[in-house]
Amino acid sequence: MSSLAEKDRPIVQLLLNTGTCPRCVLRFCCVGSQMLYRHSHKDLMKDLQEFLRNSQEEEDRVCLDVSDPPCKRLRLEQGEEGAGDLNHNGAIPELPSADSGNAALESSAGNVCNVCLGILQEFCEADFVKKMCQKVNSADYQFTSFVFSVSLPPQLSVRERAAWLGVKQQMRNLGLPLPKDDIVQLKEAYKWIIHPQLSEELGVPADGKSLFEVSVIFAHPETDEECHFLATACPDCFKPAKNKQSVFTRMAVIKALEKIKEEDFLKHFPCPPSSPKNLCDALEIQCNNGAVFVAGRYNKYSRNLPQTPWIIDGERKLESSVEELISEHLMAQFKADSFNFSSSGREDVDVRTLGNGRPFAIELVNPRRIHFTAEEMKRLQQAINDSSDKIQVRDLQLVTREAIGRMKEGEEEKTKTYSALIWTDKAIQREDIAFLDDIKELKLDQKTPLRVLHRRPLAVRCRLIHTMKSEYIDEHHFRLHLKTQAGTYIKEFVHGDFGRTKPNIGSLLNRTADILELDVESVDVDWPPTLAD
């Protein structure tokens, strides 16, 4: 085996003798050849045994060639320089012979590896890969590449540490240097083996940047408690966390292993680790597609339709919403698990959104279908529009996650145009409201409105009314067209909200004013791009 050197012989001998599988042996010898790990378990075991036999024969030849004893000076120098290499009897330790371990190697060939718990054994075989591919194909995802991930039991890290300490101890006893204090990571080696097999079976390449993920979650109940001693030795590393069933996460265990002293570890865990009775369980084989983002603009024509589901204390107040009328069609076509709706601002349930509509975006989580032509998106838009007379959608298109940021950037910076139907308690004439047309860049101080105080923090927000244009109707009614800074509370600007918005229409007219109807006429955010009809 060309990737192994003479310095690796004691490591190979020790690990094989203690029940470590051939691929883990390669990992501990820092073998970086991906192709080598893809050889069968049987061939690797045969190669390692051959490597040990050849090394032993080479050593025997060297010993036979030395007919004269070394000179006294050389022997003294060895004694002085290698004093630390003597065993407790004062003799230079012997390396274990290949022949003496053959029986152990042969008997352990079918055993579960004491380090990887069988992950680099049974779970690298073609049968398991086919099982994964059957799961992927049955899930009916669209994908052109994949990324593979694996979740390992946290106790594997403990067993790796124990095996490594055993190697270090053996090398120290033999007076041999250990050039590196690291190994090839189990996840990395597993992916080297699995990637080409998965790629061949699925017919697409493995790509680290792919949005389609195939993952396997392994568990090993037999050894679950092996990392529990770390909680006593390093309690600071194990803190309860949301959405975590156990404090013994892989990262927490790794953090504790970095912190615990070598002598404390050896007091609590056998070195080398013992061989388990059972293989790991592949608890789950999961598929997940990266989110797809759809954007557009919506018009809302109803004064009895909220933007999002209106639910108070678990009770639904209205049967539908803008969000639901749009998303139900997208969810069905993209075959997604769930969605997240966002928009450039929001209107109240009794406010219409007219003009070019309000920009919105929907994140579709874990969609099975991801490829849509422009014509298919146009048909999807038409299906939404045909399903209800309360809303209409335009410019429906696929966008990137980054592009959605442009919609959010415009929320505070851009302007919005409104039309408000206003009532006054005292009679008005045209000339009483004409001065409003001349007011430009009117500064408002708006304390958080009472109606939203339950969901917004109490604050005073400075907002601008850029322009106003009045339209007289009768003695008690007029329509006011306003161009305002985004985020302005228009209803409160009209009635004053008990003095929480200053100035307001009531104070400007010196009479009580209230708003009867409000329409959003334009949301001046230049996104998403306009599409040709």
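The values are calculated or read from the model by the stated rules, or taken from the named source; none is laboratory data. Note that the structure is predicted; figures quoted are calculated from it, not measured. Ideal geometry is used to build each Cβ from the backbone, glycine not excepted, and the neighbour counts take in all protein chains shown. What goes into the accessible areas is simple: the full protein's heavy atoms, side chains included, and nothing from ligands, DNA or RNA. Shrake-Rupley method; radii C 1.70, N 1.55, O 1.52, S 1.80 Å.
Could you look through region 136-169, keep only residues that are open to solvent by 10 Å² or more (accessible area, probe 1.4 Å) and aromatic (Phe, Trp, Tyr), and pick out the one that is modelled with the lowest pLDDT?
Ranking the candidates gives TRP164 first.
For region 318-339, does any single residue satisfy the condition of being open to solvent by 20 Å² or more (accessible area, probe 1.4 Å), assigned to a strand (DSSP E or B), under 25 Å from LEU398 (Cα atoms) and not acidic (Asp, Glu)?
Yes, that holds for at least one residue.
Between GLU471, GLU409, which is out of contact with any His (no Cβ under 9 Å at 6 or more places or on another chain), over 30 Å from GLU319 (Cβ atoms) and free of Cβ contacts under 8 Å to residues at least 24 places away in the same chain?
Working: GLU471 fails: out of contact with any His (no Cβ under 9 Å at 6 or more places or on another chain).
The match here is GLU409.
Would region 290-300 turn up any residue that is open to solvent by 40 Å² or more (accessible area, probe 1.4 Å) and touching a residue at least 12 places away in the same chain (Cβ under 8 Å)? Talk me through it step by step, then tell me what you get.
As a first pass, look at region 290-300 and keep what is open to solvent by 40 Å² or more (accessible area, probe 1.4 Å): none.
Checked region 290-300: no residue is open to solvent by 40 Å² or more (accessible area, probe 1.4 Å) and touching a residue at least 12 places away in the same chain (Cβ under 8 Å).
Report yes if CYS133 is open to solvent by less than 20 Å² (accessible area, probe 1.4 Å) and within 20 Å of ASP207 (Cβ to Cβ), otherwise no.
Working: open to solvent by less than 20 Å² (accessible area, probe 1.4 Å): yes; within 20 Å of ASP207 (Cβ to Cβ): yes.
Considered against the rule, which asks whether it is open to solvent by less than 20 Å² (accessible area, probe 1.4 Å) and within 20 Å of ASP207 (Cβ to Cβ), CYS133 comes out as yes.
Could you count how many residues in region 428-450 are farther than 23 Å from GLU413 by Cα and loosely packed, with under 11 Cβ neighbours inside 10 Å?
Start the filter on region 428-450 by keeping residues that are farther than 23 Å from GLU413 by Cα, which leaves 428-438, 450.
Filter once more, so that each one left must be loosely packed, with under 11 Cβ neighbours inside 10 Å: 429-431, 438.
Adding up the residues that qualify gives 4.
Would you point out which residue out of ILE217, ILE193 is over 23 Å from the mean Cα position of the chain (by Cα) and either assigned by the TED database to the domain that holds SER138 or not small (Gly, Ala, Ser) (or both)?
Working: ILE217 fails: over 23 Å from the mean Cα position of the chain (by Cα).
Checking each option against the conditions leaves just ILE193.
Filter region 375-391 for residues that are closer than 23 Å to SER344 by Cβ and under 33 Å from the mean Cα position of the chain (by Cα) and give the result.
Within region 375-391, MET377, LYS378, LEU380, GLN381, ILE384 qualify.
May I ask you to list pairs of residues, at least six apart or on different chains, whose Cβ atoms are under 7 Å apart, with the first in region 233-259 being loosely packed, with under 11 Cβ neighbours inside 10 Å and the second being not hydroxyl-bearing (Ser, Thr, Tyr)?
LYS239/VAL247; PRO240/VAL247
Scan region 295-325 residue by residue and report those that are over 17 Å from PHE360 (Cα atoms) and acidic (Asp, Glu).
ASP313, GLU315, GLU319
With (1) surrounded by fewer than 17 Cβ atoms within 10 Å (Cβ to Cβ); (2) in a helix (DSSP H, G or I) as the list, and ASP182 as the residue in question, which single condition is left unmet?
(2)
Taking the criterion of being within 27 Å of SER342 (Cβ to Cβ) and at pLDDT 95 or above, would at least one residue in region 421-441 satisfy it? Show your work before the answer.
Step one: filter region 421-441 for residues within 27 Å of SER342 (Cβ to Cβ), giving none.
No, because not a single residue in region 421-441 is within 27 Å of SER342 (Cβ to Cβ) and at pLDDT 95 or above.
Looking at the structure I just gave you, is LEU453 open to solvent by 30 Å² or more (accessible area, probe 1.4 Å), within 38 Å of the chain's Cα centre (by Cα), closer than 30 Å to ARG379 by Cα and aliphatic (A, V, I, L, M)? Show your work before the answer.
Details: open to solvent by 30 Å² or more (accessible area, probe 1.4 Å): yes; within 38 Å of the chain's Cα centre (by Cα): yes; closer than 30 Å to ARG379 by Cα: no; aliphatic (A, V, I, L, M): yes.
Criteria not met by LEU453.
I'd like the full set of residues that are under 14 Å from ILE515 (Cα atoms) and of a type outside the set (S, T, N, Q), limited to region 412-431.
The initial filter retains those residues of region 412-431 that are under 14 Å from ILE515 (Cα atoms), namely 418-425.
Within region 412-431, TYR418, ALA420, LEU421, ILE422, TRP423, ASP425 meet the criteria.
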